[in-house]
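Below is one structure, written out as structure tokens; comments come after it.
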Amino acid sequence: MPVTTPLPAHTRVAVVGSGFSGIGTAVALRRHGIADFVVLERASSLGGTWRDNTYPGAACDVPSHLYSFSFAPDPDWSHVYARQPEIRRYLERVAAEHGVLPHLHCDTDVLAGWWDDEALVWRLETSRGPLTADVVVSGCGGLVEPHLPEVPGTAGFRGPSFHSARWDHTADLAGKRVAVVGTGASAAQFVPELQEIADQVVVFQRTPPWVIPRADRAYTDRERRRFRRLPVLQRLSRSVQYLDREARLRALIGNGWLRALFERQSLSNLERQVPDPELRARLTPDYAIGCKRVIVSDDYLPALARPNVEVVASPVVEVRAHSVVAADGSEHPVDAIVYGTGFRVMDLPLAHRLTGREGRTLHEEWADGGVRAHRGTTVAGFPNLFLLLGPNTVLGHTSVVIMIEAQIRYVLAALTALERSGARAVEVRREAQEAYDAQLQAALTDTVWNAGGCRSWYRDEHGRNFTLWPTHTSTFIRQMRRFDAEAYALRTAPDDVTPGQLDAVPLGAPHRPGAEHGADGRLDRRQERHPE
């Protein structure tokens with residue numbers, strides 16, 4: 001159970017969020033010998049997105065063995081693709097087994113925070129009181145806040161209406177007429193479930209997604225026993241899954257013939273699962289596969305072909321008391337509305353609440369210069385702040401847990417640099433951040449995500465891709481193994497020095513004995529295992 005004791009007045013590291021990023025960071029800190037940290041969770045239990053998304057059919061679209069921590073394999077996954085309850089239980093088990101729970105403070109929302117440039121600490125105001133922290137690690141992720149469409153009349157609808165990430169389990173949808181707004185990854189999972197119980201499901205589709213087979217199945221008892229007895233078999237399964245996903249990436253970053261092959265396979269699957277040519281035409285994308293998130297599903301297309309499902313190939317323009325109106329002028333009487341309209345990507349609540357060294361919030365920083373971060377992790381003007389799954393670390397082909405673990409290693413390397421130098425603050429230089437971002441954006445130019453002929457949540461209103469990593473995860477892993485101290489200013493603040501005269505401290509400064517809180521200053525090499 002999470003602790004209920006008061007928050008400490010000060011902590012070495014404040015981790016915000018308790019999903020994969022937060023739990024992974026907490027485990028890594030303990031392995032590194034840092035026990036002075038807290039995990040701040042605004043909800044009443046841990047789990048992040050796998051706590052919040054409880055809609056029917058919720059599951060991962062990355063294989064289970066790959067969508068888990070490299071240091072905590074689970075031989076007992078029930079399916080190749082794990083369901084939401086299993087993933088949540090997995091996170092709870094990892095937190096318990098690795099000693100995270102004593103550091104976890106639930107029902108603790110970070111309401112505001114600002115960098116004190118004289119004391120070189122973060123001052124945080126939470127729903128359970130104030131605290132200061134030397135370092136803040138955001139494990140909030142980019143898919144946190146549900147996005148609801150700005151459509152006239154939504155407040156006047158008389159029946160149940162809710163976003164899939166805030167599923168209303170008290171609403172009885174059996175035998176009802178249900179409108180589904182959106183055709184993204186979540187909708188592809190809950191629409192087949194709704195189709196089974198509802199009298200009618202009306203799916204409002206702005207753009208048809210590409211759909212590829214999931215090929216899911218249950219692991220047999222014999223397979224699970226083998227994974228338990230011979231962990232090498234599970235590592236082999238993870239490696240095969242990793243290599244398969246990395247091979248598919250070539251279709252997204254420039255390989256024309258491989259992309260065409262995937263498109264032909266997807267269209268062939270569409271033809272098999274949707275016999276009606278008129279409906280099939282509505283479900284056929286007119287952009288390159290991968291430009292928008294690809295749906296991985298065995299039952300979405302068959303559900304759309306059922307007699308009690310109607311696909312309206314037109315966006316919603318108005319909601320009335322008992323109906324929904326599409327842009328094509330059609331009006332559809334419904335009893336309930338489910339919004340599968342995604343999230344406000346990278347519009348983190350924390351970004352509106354953290355004020356950096358220059359007196360601007362992270363949101364204001366990004367509003368002026370675009371959402372960007374050095375190596376997806378640090379932002380100029382925000383010392384001792386580290387973002388996990390920050391800008392351009394999301395993936396379009398494989399498990400983001402790989403990226404999370406690489407970033408955690410980088411954070412530990414930065415903490416080691418601080419400890420060895422005797423410095424108290426580390427901040428990325430703006431010119432280094434801009435150079436990194438320019439190189440990254442250039443690498444994205446010819447990818448399908450930028451040049452595939454669609455509009456997606458990967459890019460902002462100016463067309464700038466602020467979400468995706470442009471190449472293989474192995475490249476990111478290698479990049480993040482070393483803390484690039486030359487890109488940073490390390491600073492100390494003697495009592496007799498004013499904030500405007502803080503000294504730069506070179507990384508090569510003498511090591512300060514005892515600064516590692518009992519560790520030897522080296523990274524735990526077990527954290528460096530990955531399936532490349």
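The values are calculated or read from the model by the stated rules, or taken from the named source; none is laboratory data. No experiment lies behind these values; they were computed from the predicted model shown. Reconstructed Cβ throughout: ideal geometry from the backbone, glycine too, with neighbour counts over all protein chains shown. Ligands, DNA and RNA are excluded from the accessible area calculation, which covers all protein heavy atoms including side chains. Shrake-Rupley method; radii C 1.70, N 1.55, O 1.52, S 1.80 Å.
Return the distance in nm (one decimal) between the two label points of a simple spin-label model at L101 and S268, each offset 7 Å from Cα along Cα→Cβ. Going by the 7 Å Cα→Cβ label model, 5.1 nm. Considering only C-alpha atoms, what is the centroid distance from region 198-265 to region 315-356, in Å? Each part's Cα centre sits 29 Å from the other's. Of interest is the spacing of the C-alpha centroids, which for region 32-75 and region 411-427 amounts to 27 Å. Between R235 and A35, full extension at 0.36 nm per residue minus the direct alpha carbon distance yields a gain of 69.0 nm.
This model, with +1 at the C-beta of Lys and Arg and -1 at the C-beta of Asp and Glu, gives the chain a dipole about its Cα centre of some 1700 debye. Each Cα pair under 8 Å and six or more residues apart adds its separation to the average, and for the chain the resulting relative contact order is 20 percent.
A Förster radius of 25 Å combined with the Cβ-Cβ distance from S330 to A215 puts the calculated FRET efficiency at roughly 0.10.
Using R₀ = 22 Å, calculate the FRET efficiency as 1/(1 + (r/R₀)^6) where r is the Cβ-Cβ separation of D76 and R482; round to 0.05.
0.05
Dividing the Cα radius of gyration of the chain by its Kirkwood radius returns 0.98 for Rg/Rh. Each peptide in 10-21, 193-204, 369-380 was scored by the mean count of other Cβ atoms within 10 Å over its residues; highest first, the order is 10-21, 369-380, 193-204.
Along the axis of the charge dipole computed for the chain (Cβ charges of +1 for Lys and Arg, -1 for Asp and Glu, origin at the Cα centre), the listed residues H332, A82, G24 are led at the positive end by A82. For a 4.7 Å threshold on C-beta separation, the list of partnerless cysteines in the chain reads C60, C106, C140. Report, to the nearest 10°, how far helix 231-248 tilts away from the longest principal axis of the Cα atoms in the chain, using its own Cα long axis and a range of 0 to 90°. Here the helix axis deviates by roughly 70 degrees.
When the inverse distances between all different Cα atoms of region 134-278 are averaged and flipped, the Kirkwood radius reads 19.9 angstrom. So for the chain: antiparallel DSSP bridges make up what percent, rounded to the nearest 5? Restricted to the chain, the bridges split so that about 45 percent are antiparallel. For the chain, which whole percent of the accessible surface, found with a 1.4 angstrom probe, sits on carbon and sulfur atoms? Taking all protein chains in place, the chain shows 51 percent carbon and sulfur surface. Computed packing ranks the peptides 173-186, 118-131 as 173-186, 118-131, most packed first, by mean other Cβ atoms within 10 Å. Computed over protein heavy atoms with a 1.4 Å probe, the accessible surface of region 1-151 works out to 34 Å² per residue.
Between the Cα long axis of helix 430-444 and the first principal axis of the chain there is an angle of about 30°, rounded to the nearest 10.
Taking the Cα centre of region 219-282 as reference, the dipole from Cβ charges on Lys and Arg (+1) and Asp and Glu (-1) amounts to some 580 debye. Compared with the dominant Cα axis of the chain, that is its longest principal axis, helix 185-197 is turned about 40°.
The modelled label-to-label distance for the pair D368/V317, using points 7 Å beyond Cα in the direction of Cβ, is 4.0 nm.
Put simply, the amide H of A112, placed in the peptide plane, has neighbours under 5 Å in E125, leaving out anything fewer than 5 places away on its chain. Probing with 1.4 Å while keeping every protein chain in the model, the per residue accessible area of region 358-426 equals 20 Å². In the context of the full set of protein chains, residues of region 165-235 present 50 Å² of accessible surface per residue (probe radius 1.4 Å, heavy atoms only).
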